[in-house]
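Presented below is the structure to which this report refers.
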Amino acid sequence: MRRSLRPSHRGAAAAAQCIHDGFSRYNQQFRRVTSRARRRFEQRDWKGQMADIAARVELYETWARRTVGQLRRDLGDDFADHDFWPAVREAFGLRVEAMPDAGFMKTFFNSITRRVFGTRGVDATVEFVQPPPEEGIESLTMRRYPCWGDLDEACSRMLRDFRFRIGYADRDGDAAAIAGEIRGHFSDADAQCLRLEFIDTHFFQGTRAYLVGRLRMPRGTQPIVIALRNDDAGIRVDATLITEEQIGVVFSYTRSYYFADPTSVVAAVQFLHDILPDKPIDELYTVLGRLRQGKTERYRSLTRHLRATEDAFVHAAGEAGLVMIVFTLPSFNLVFKVMRDVFRPPKTTTHEDVHQSYRLVSRHDHAGRLIDTQHFRNLELPRARFSEALQEELFSQAPRTVGVDGDQLVLSHVYVERRVRPLNLYVREVDETEARRVILDYGRCIKDLAETNIFAGDLLLKNFGVTSSGRVVFYDYDEVLLVTDCNFYELPEPDEDFPLMDHPTTRFVGANDIFPEEFIRFLAMPTHLRSHFLDAHADLLTPDYWRDVKRRRQAGEVAEIVPYARQSVAPHRIRL
């Protein structure tokens with residue numbers, strides 16, 4: 001005879017089911033939005049693809065709120081009863097254990113309990129703390145193409161399998177180009193390459209689709225990524241990437257999130273980590289669009305590192321910000337950004353303005369120029385690990401955000417992102433050739449952002465950084481605006497009776513009125529670098545350049561910004 005559950009157990013099981021159902025609906029909708037990427041690519045619906053970036057980012061928070069609301073209605077007094085929730089966790093854990101991507105479900109469960117109780121740090125009595133057992137790569141569905149001494153034929157079979165409703169413009173020619181790249185990398189490639197293996201899904205990002213896989217060789221494997229574009233003639237191979245360095249840029253923390261639907265996201269992350277061992281697991285989850293799981297893995301990585309090290313949190317390198325207090329752990333490649341209670345002049349933005357700017361970036365195309373940032377609430381870090389100087393500034397400048405709970409420092413709001421070397425410091429530390437290269441890339445960074453409708457706002461070199469791959473990126477989002485929301489003007493001539501340039505604070509202009517000629521004041525760089533910059537990017541100091549960018553954005557035109565050297569055609573602009 002079946003034993004009935006006690007009422008409290010039935011209530012716990014019902015609450016666990018509600019959370020599971022909330023996750024299932026979120027995941028179904030996530031996959032539904034993801035699945036649209038194929039149609040967007042085939043129809044060249046780049047506007048719809050960009051809208052889906054923002055829509056998918058919002059899904060997690062939407063379903064977490066709905067689930068909490070449903071639990072509040074269903075549970076009554078049990079909703080906030082801390083003693084009730086361990087039974088809910090047990091009921092949930094027993095039923096999802098060993099399911100594919102169970103870690104995602106447990107992360108969603110933790111998100112619910114943190115909203116119910118406003119948890120600081122980690123509450124092991126109601127949360128899942130230990131990561132689930134890793135799924136092996138073998139659970140990932142792959143497509144395999146043995147090579148029988150003819151690389152062109154194997155590549156042609158692969159492209160035939162990864163087809164679209166639109167045909168390839170020249171499949172055999174593209175297959176020969178892929179094979180040629182492989183031969184250029186390996187001597188006797190036709191004999192040495194045993195087979196090609198690719199994850200059984202396209203990876204869509206921006207205006208490109210990617211095939212992600214590896215080459216099986218007698219002495220191991222080699223990663224390979226194929227970039228595809230869609231133009232008037234049909235689908236074409238745009239690039240074949242074989243080195244870890246090339247592929248690492250494609251999966252960079254400065255790139256937008258991918259739309260891909262592998263049979264197991266966990267296994268796909270394991271595969272990517274296998275071919276890119278220097279990429280942190282948390283960043284790979286994030287780049288696949290699983291932002292909350294990436295955040296969970298980043299926190300786990302941080303706590304593991306804290307247990308294994310003894311160095312102190314200190315101020316990050318660079319000039320102190322007017323809005324943020326920025327600190328880092330020297331032995332770990334992250335920075336932490338805490339807002340000051342009062343922003344220093346001449347900043348006029350509000351705390352909510354800054355939060356909105358960071359939200360804008362999280363929903364926008366990163367174009368390889370914006371660092372992905374995660375917003376943590378109630379983050380606990382050991383107080384003993386903070387330098388005295390840093391503690392003094394946090395307590396004096398951000399007391400509304402920084403608190404103490406026992407031996408822990410509690411940060412109610414903190415933004416966390418990868419650490420890069422500030423550009424203003426970098427140009428002083430490198431030789432002349434490298435300094436010139438990054439100064440030119442600084443200008444290209446501003447232009448790349450503009451082409452994706454981002455106006456950086458504060459163009460000081462200290463707000464830009466250099467990644468480990470030497471790429472200039474922007475990381476200070478306090479005053480980020482859309483180019484289409486800005487108005488660009490010539491600087492008016494000073495009146496004889498009212499010298500405008502002597503009284504900048506008395507200008508009566510709108511919040512989004514921009515005078516590009518003033519940008520010259522932000523180019524605080526040695527004279528020889530400034531002249532080098534102006535030779536290439538003087539147009540950035542003209543209203544006409546920015547008006548043209550704005551006009552093209554409003555007309556629906558987008559410039560293709562890809563993370564590789566294109567082997568097929570020169571860069572061109574396309575219309576949304």
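The values are calculated or read from the model by the stated rules, or taken from the named source; none is laboratory data. As the structure is a computational prediction, the values presented were derived from the model and not from experiment. Note that each Cβ is placed from the backbone with ideal geometry, even for glycine, and that neighbours are counted across all protein chains shown.
Would you pick out the residues in the stretch 30-79 that are within 19 Å of R229 (Cβ to Cβ) and in contact with a Gly (Cβ under 7 Å, 6 or more places away or on another chain)?
Within the stretch 30-79, R40, K47 qualify.
Could you check Q356 against (1) touching a residue at least 24 places away in the same chain (Cβ under 8 Å); (2) within 30 Å of A559 (Cβ to Cβ) and say which number it fails?
Of the numbered conditions (1) touching a residue at least 24 places away in the same chain (Cβ under 8 Å); (2) within 30 Å of A559 (Cβ to Cβ), the odd one out for Q356 is (1).
V335 - would you say it is of a type in the set (A, V, I, L, M, F, W, C), surrounded by fewer than 20 Cβ atoms within 10 Å (Cβ to Cβ) and at pLDDT 95 or above?
no
Does the stretch 359-407 hold any residues that are of a type in the set (V, I, T) and either without any contact (Cβ under 8 Å) to a residue 60 or more places away in the chain or touching a Pro at 6+ places or on another chain (Cβ under 9 Å) (or both), and which are they?
The answer is V404, and nothing else.
Right, H355: out of contact with any helix residue (DSSP H, G or I) (no Cβ under 8 Å at 6 or more places or on another chain) and assigned to a helix (DSSP H, G or I) or not?
Taking the combined requirement at face value, the residue satisfies it.
Scan the stretch 259-286 for residues that are without any contact (Cβ under 8 Å) to a residue 40 or more places away in the chain and among the hydrophobic types (A, V, I, L, M, F, W, C) and jot them down.
V269, I281, L284
Among the residues of the stretch 145-166, is any outside the structural domain of L94 (by TED's automatic domain parsing), in contact with a Gly (Cβ under 8 Å, 6 or more places away or on another chain) and assigned to a loop (DSSP other than H, G, I, E, B)?
Yes, because at least one residue in the stretch 145-166 is outside the structural domain of L94 (by TED's automatic domain parsing), in contact with a Gly (Cβ under 8 Å, 6 or more places away or on another chain) and assigned to a loop (DSSP other than H, G, I, E, B).
Go through the stretch 1-112 and tell me which helices (runs of 4 or more DSSP H), entirely inside it, have 2 or more residues that are among the basic types (K, R) and surrounded by fewer than 16 Cβ atoms within 10 Å (Cβ to Cβ).
7-43, 46-75
Within the bounds of the stretch 222-233, is there any residue that is modelled with pLDDT of 95 or more and of a type in the set (D, E)?
No: the stretch 222-233 contains no residue that is modelled with pLDDT of 95 or more and of a type in the set (D, E).
Give the stretch 380-397 a look and list any residue that's under 18 Å from R300 (Cβ atoms) and either in contact with a Lys or Arg (Cβ under 7 Å, 6 or more places away or on another chain) or surrounded by fewer than 20 Cβ atoms within 10 Å (Cβ to Cβ) (or both), or say none.
Of everything in the stretch 380-397, those that are under 18 Å from R300 (Cβ atoms) and either in contact with a Lys or Arg (Cβ under 7 Å, 6 or more places away or on another chain) or surrounded by fewer than 20 Cβ atoms within 10 Å (Cβ to Cβ) (or both) turn out to be E380, P382, R385.
Please find, among D282, D311, D353, the residue that is touching a Gly at 6+ places or on another chain (Cβ under 6 Å) and not β-branched (V, I, T).
Going through D282, D311, D353 in turn, just one is touching a Gly at 6+ places or on another chain (Cβ under 6 Å) and not β-branched (V, I, T): D282.
Have a look at A51, A12, A64, A16 and point out the one that is out of contact with any Lys or Arg (no Cβ under 9 Å at 6 or more places or on another chain) and of a type in the set (A, V, I, L, M, F, W, C).
Being out of contact with any Lys or Arg (no Cβ under 9 Å at 6 or more places or on another chain) and of a type in the set (A, V, I, L, M, F, W, C) holds for just one of A51, A12, A64, A16, which is A51.
Picking from Y415, Y426, which residue would you name as being of a type in the set (S, T, Y), crowded, with 19+ Cβ neighbours inside 10 Å and not assigned by TED's automatic domain parsing to the domain that holds D485?
So the residue among Y415, Y426 that is of a type in the set (S, T, Y), crowded, with 19+ Cβ neighbours inside 10 Å and not assigned by TED's automatic domain parsing to the domain that holds D485 is Y415.
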